[in-house]
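Please read the structure below before turning to the comments.
Read-outs throughout are calculated quantities, based only on the coordinates presented, and are distinct from any laboratory measurement. Just so it is clear, the structure is predicted and the values come from calculations on it, not from any experiment.
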Amino acid sequence: MSSDTITLIKGQGPLVLPQKPHLRLASGNFWPEEVDGREKQLTAGLFIIDTRTSPSKQDHVRVHASQVVEVDGAKLEILEVRGENGQEAAIHLKVR
């Protein structure tokens, strides 16, 4: 795994975003849904936790492969959302 890629496994605790150490990322809620009016593909919930606030602020974004999410100046390119056909549920992303 490249240093600029992160794999968020379902059920794993939040991981620190190295480029923004005050942010934590986690994944969950994997299911197929229609994306951009096209056929269904696997999507997941990307949970973004900002530890600079008390209590920590948490945002939730539905993501799919090839999507880019911008968080506090960091761009998260969703490379893969997997979890079908017996695969371990996970979001694989690249930080740009």
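Based on Cα contacts under 8 Å between residues 6+ apart, the chain shows a relative contact order of 26 percent.
With bins 5 Å wide beginning at 0, the percent of Cα pairs of segment 5-95 falling in each bin runs 3, 14, 26, 26, 17, 9, 4, 1, 0.
Coupling constants for segment 58-66 follow from the phi torsions by the Karplus curve (6.51 cos²θ - 1.76 cosθ + 1.60, θ = phi - 60°), and in residue order they are 10, 10, 9, 10, 6, 10, 9, 4, 6 Hz; glycine and proline get x.
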